[in-house]
Amino acid sequence: MDTKVSVIIPTYNRPQKLEEALDTVNNQSYENIEIIVVNDGSDVSYSTVTALDNPNVRYFKHSENQGACAARNTGIKQASGKFLAFLDDDDKWRQSKVREGINELETSDKDTKVCYSGVIHKNGNGDVKSVKKAKNRGWITDEILLGNFVGTFSNVIIEKEAVLETGLLDEDFPAWQDWEWYIRLSLDHKYTYNKSNNTVHVEHEEERMSSDSTRTESALYKMIDKHTDTARKYGLSKKFQSRCYSTKARYGLTTGNYDKAIQFSLLSLVLDKSNMHGLKILAAALDDGLGYRAIRSVKSLFHYIR
């Protein structure tokens, strides 16, 4: 019999999306799945979600909204499976996602506790924006410090024992909770991946509009404060901080906040002038016609860091 996998689905005010997420899990080729739905204090009814009557579905509700990571932590605490998987209610999995991930973990060495796959990114209209292939395995701390290539929570399958050793998600982080957690997990556990692009991440307008708020700026400084010492052990403190700034700059670019994109990409380049991520974001922001004053700022910066 297949080893039990607990799939944790946080949801908030989106019963229709939850129905679709439950269909995604129920269509998996893997048999032994426990589904844990955590309603994060929704103020709309979920009575129409007929799949909640399924005996394989366990349903929990927060009395008030606490955030998606608090909901995931509730799910982790309630899970009875040997392995944990997470699915945001607006993401999708291909049918082989769980089976291929578990097979990869069960055939890897004892230190390997986390598996991810490639991700297909779509916009709200269902059009494919990009495909991000999985590329790193083993002890990956030095690589994950320089950017979250693993993807969202929907892309990982983790042995529960590793979560108990590493600790729960940090609910104090208003954003970047996945990247922060992946760094901590990488300190004690090896990662692996399967080559299939088994996760479909759907980006909606509300996601884009909220991504470049004070939340990401707060997360930036929390991340630097929490993990710079770790990065220093790998000789990567400045590169890590630079990548944090350029990641923040990317949110500015994708939401049309070009002032922020320029501000934080410049800061990233002061710390590490070889940061191509920051340089590309800066070039893209300037290409959108921010004018002579912005160009002068760039020239001054490169004169300073040369």
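Among the residues in segment 191-214, are any at pLDDT 95 or above, surrounded by 15 or more Cβ atoms within 10 Å (Cβ to Cβ), part of a helix (DSSP H, G or I) and in contact with a helix residue (DSSP H, G or I) (Cβ under 7 Å, 6 or more places away or on another chain)?
No: segment 191-214 contains no residue that is at pLDDT 95 or above, surrounded by 15 or more Cβ atoms within 10 Å (Cβ to Cβ), part of a helix (DSSP H, G or I) and in contact with a helix residue (DSSP H, G or I) (Cβ under 7 Å, 6 or more places away or on another chain).
May I ask you to list pairs of residues, at least six apart or on different chains, whose Cβ atoms are under 6 Å apart, with the first in segment 17-45 being touching a residue at least 24 places away in the same chain (Cβ under 8 Å) and the second being part of a helix (DSSP H, G or I) and among the hydroxyl-bearing types (Ser, Thr, Tyr)?
Val38/Thr74
Is there a residue being assigned to a helix (DSSP H, G or I), over 13 Å from Phe86 (Cα atoms) and among the acidic types (Asp, Glu) anywhere in segment 167-178? Reasoning before the result, please.
Initially, segment 167-178 is screened for residues assigned to a helix (DSSP H, G or I), giving 177-178.
If we keep only those that are over 13 Å from Phe86 (Cα atoms) as well, we get 177.
Next, from what is left, pick out any that are among the acidic types (Asp, Glu): none.
Checking segment 167-178: not a single residue is assigned to a helix (DSSP H, G or I), over 13 Å from Phe86 (Cα atoms) and among the acidic types (Asp, Glu).
Residues that are modelled with pLDDT of 95 or more and charged (D, E, K, R): which helices (runs of 4 or more DSSP H) entirely in segment 53-156 hold 3 or more of them? Write out each step before concluding.
On the way: elements: 68-78, 97-106, 141-144.
By residue number, 97-106.
Check whether at least one residue in segment 50-69 is closer than 18 Å to Val156 by Cα and of a type outside the set (Asp, Glu), and report yes or no. Spell out how you get there, then give the answer.
Pass one, segment 50-69, residues closer than 18 Å to Val156 by Cα: 68-69.
Checking the rest, the ones that are also of a type outside the set (Asp, Glu) come to 68-69.
The answer is yes, given that some residue of segment 50-69 is closer than 18 Å to Val156 by Cα and of a type outside the set (Asp, Glu).
Pull up segment 258-306, narrow it to residues that are among the aromatic types (Phe, Trp, Tyr) and within 21 Å of Glu217 (Cβ to Cβ), then point me to the one that is modelled with the highest pLDDT. If you could, list the steps in order and put the result at the bottom.
Filtering segment 258-306 down to residues among the aromatic types (Phe, Trp, Tyr) leaves 258, 264, 292, 302, 304.
Now drop any that are not within 21 Å of Glu217 (Cβ to Cβ), which leaves 258, 264.
Details: Tyr258: 90, Phe264: 95.
Once the filter is applied, the top-ranked residue is Phe264.
The values are calculated or read from the model by the stated rules, or taken from the named source; none is laboratory data. Just so you know, these numbers come straight off a predicted model, no measurement behind them. Glycine also receives a Cβ, built like all others from the backbone with ideal geometry; neighbour counts cover every protein chain displayed.
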